[in-house]
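Some notes on the structure that comes next.
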Amino acid sequence: QKTFVGDQVLRAHAKDNAQLDVLRELEAMKHLQVDFWRGPSRPNLPVDIRVPNAVLQQVKVFLESNSIDYSIMIEDVQELLDQEHQDIQSATL
Amino acid sequence: RERITGSFSYSTYHTIEEIYSWIDGLLLEYPKLVSRIDIGQSYEGRPIYALKFSTGGNKPAIWIDTGIHSREWITQATGVWTAKKIASSYGVDSSLTDILDNLDIILEIVTNPDGYAYTHSTNRMWRKTRSINAGSTCVGVDPNRNWNAGFGGPGSSSNPCSETYHGAHPHSEPEVYSVVDFILAHGNVKAMLSIHSYSQMLLFPYGYTNDLAPDHEELTELAKQTANALASLHGTQYTYGTTIATIYRADGTATDWAYNNGIKYSYTFELRDTGRYGFILPAEQIIPTAEETWLALMTVMEHVKNHPY
């Protein structure tokens, strides 16, 4: 089973089309295995990116070096999934 | 058997086996209204079911599907709640009764069964189908880029490892061609409502072109009414518009295919989230989400009933 321990979901805000293009570059970097939950579309819409724990620093540095504002939407994806799993099990019982 | 749907917890997420078993219970509970149509099999051989809510005769129909992207769990859960709501409201709620006296409703709760099973067993974040791609180690096709409407354009990916991989050819996925075959054979579907999450949006054709649909004004006005109805319960705010103008270019989508095949009222819903949880929307939000979505669905369905074409 695939786990998501330490993975975070970052919410990025692109100010303009140039920053959207930078986010599209990030999407194309397949080796990072980032997962765009909400893709770069328009400057006024947030972009949500699930980032594997192993490349968190790399991705944050990439965003910061391109002056793209971001916040952490989900601190640890696995924690939420564990909670979800527990809820399902107790409902089943 | 009646106790099955009565005691079923609508406020939790369920496996595909639980949902399919619950469907059996619903059929027994409402045998005169609800029937199950086996419209095909998934790539891994799971049955694909559509529930038909009908008071008899061959009426024009409204098609609703949930869960084409498997990780969007709130959509399958909303589909289950909605099915029960339709069945239990007939003869009780005058608006819904009037709709069902004039139209059939066909609801596909688990549109991507393999993907959904995979999210429960192996990878909660799986979006695509589970078909094997020749020449690639990456599995699955995005079933909402696989329709024959602008297929293969830049609003989808030709890379099998991408989440928006369009597949080898239009309707390559059994999960897609089962729906296509059913709707074309039916021949009298008047609305197609494809339910996704998250982002809180109501989208309509087109996604693959900036051209406006001939019915653009009517679709926009109905979207506005629908978003207002949805917001009236819990204040959930939706944006609405064409897919390409509201979110981004998307090629090969279900609603564009539906519209191009004569189904005027073609919409994609993007259900809650407020942006705190994404695809891991807490189960406590299932019922509020389904309740507000119901108001939106009723708005569209009433419009379809009142505007035959």
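Bear in mind that the values in this text are calculations on the coordinates, not laboratory data. In this text, all values refer to a predicted model and were calculated from it rather than measured experimentally. Using ideal geometry, Cβ is built from the backbone for each residue, glycine included, and neighbour counts are taken over all protein chains shown.
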Problem - Summed residue charge, Cβ within 15 Å of B:Glu292's Cβ, Lys/Arg positive, Asp/Glu negative - result: -2
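With a cap of 15 neighbouring Cβ atoms within 10 Å, and only residues DSSP puts in a loop, list the trypsin sites (Lys or Arg not before Pro) found in the range A:7-93.
Counting only loop positions with at most 15 other Cβ atoms within 10 Å, the trypsin sites (Lys or Arg not before Pro) in the range A:7-93 are A:Lys15.
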Exercise for the section: Step through the residues of the range B:126-137 one at a time and calculate ³J(HN,Hα) from phi using the Karplus curve (6.51 cos²θ - 1.76 cosθ + 1.60, θ = phi - 60°), rounding each to whole Hz and writing x for Gly and Pro. Expected result: 6, 10, 8, 6, 10, 6, 7, 9, 4, x, 9, 7
Practice task
Among DSSP beta bridges lying fully in the range B:1-119, give the percent that are antiparallel, nearest 5.
Solution key: 65 percent
Handout entry: Local electrostatic count, A:Glu27, Cβ distance below 10 Å [Lys/Arg +1, Asp/Glu -1]
Key = -1
Handout entry: Placed amide H near B:Tyr240: partners under 5 Å, 5+ positions off or other chain
Key = B:Leu202
Practice task
Provide the per-residue ³J(HN,Hα) series for the range B:59-71, in order, calculated from phi with Karplus coefficients 6.51, -1.76, 1.60 and θ = phi - 60°, each as a whole number of Hz, with x at glycine and proline positions.
Solution key: 8, x, 10, 10, 9, 10, 10, 10, x, 5, 9, 5, 6
Completion exercise
Placing +1 on each Lys and Arg Cβ and -1 on each Asp and Glu Cβ in chain A, then taking the dipole about the Cα centre, the residue among A:Asn44, A:Val34, A:Ser71 whose Cα reaches farthest towards the positive end is A:Asn44
Completion exercise
Under the helix-only model (-39500 (n - 2.57) for each DSSP H run of 4 or more, divided by the residues of chain B), the mean residue ellipticity at 222 nm, to 500 deg cm²/dmol, is -12000 deg cm²/dmol
Handout entry: Per-residue [θ]222 nm for chain A (sum of -39500 (n - 2.57) over DSSP H runs n ≥ 4, rounded to 500)
Key = -13000 deg cm²/dmol
Exercise for the section: Once you have the Cα-Cα distance between B:Gln41 and B:Cys138, take 0.36 nm times their residue separation minus that, and quote the gain in nm to one decimal. Expected result: 32.8 nm
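Please report the relative contact order for the range B:146-297, taking Cα pairs under 8 Å with a sequence separation of at least 6, and give it as a percent rounded to a whole number.
Details: 258 pairs, mean separation 51.8, N = 152.
Normalised by residue count, the contact order of the range B:146-297 is 34 percent.
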Fill in the blank from the handout: Once both label points are put 7 Å beyond Cα along the C-beta direction, the B:Asn159-B:Thr122 separation in nm becomes 2.1 nm
Handout entry: Nonlocal Lys pairs with alpha-carbon distance under 18 Å, chain B (8 or more apart, or different chains)
Key = 16
Completion exercise
antiparallel share of DSSP beta bridges within the protein assembly as shown, to nearest 5, in %, is 55 percent
Exercise for the section: Can you tell me the dipole magnitude for chain A around its Cα centre, using point charges on the Cβ only (Lys, Arg +1; Asp, Glu -1), in Debye to the nearest 20? Expected result: 320 debye
Problem - Net charge, B:Thr243 excluded, C-beta distance under 11 Å - Lys, Arg +1, Asp, Glu -1 - result: -2
Fill in the blank from the handout: Full extension between B:Glu218 and B:Tyr309 adds, at 0.36 nm per residue less the Cα distance, a length in nm of 31.5 nm
Problem - Whichever aspartates and glutamates have a C-alpha closer than 19 Å to that of A:Lys15, once near sequence neighbours (fewer than 8 apart) are set aside - result: A:Glu25, A:Glu27, A:Asp48, A:Glu64, A:Asp69
Problem - ³J(HN,Hα), Karplus 6.51/-1.76/1.60, whole Hz, each residue of the range B:297-309, x for Gly, Pro - result: 4, 4, 4, 5, 5, 5, 5, 4, 4, 7, 10, x, 8
Problem - Among B:His171, B:Trp257, B:Thr97 the positive-end extreme of the charge dipole of chain B (Cβ point charges) - result: B:His171
Fill in the blank from the handout: Under 5 Å from the placed amide H of A:Trp37, counting only residues 5+ away or on other chains, we find A:Asp48, A:Ile49, A:Arg50
Completion exercise
Computed from the beta carbon distance with a Förster radius of 35 Å, FRET efficiency for B:Leu295 and A:Glu75 to the nearest 0.05 stands at 0.55
Practice task
State to the nearest 20 debye the size of the charge dipole of chain B about its Cα centre, where the only charges are +1 on K and R beta carbons and -1 on D and E beta carbons.
Solution key: 320 debye
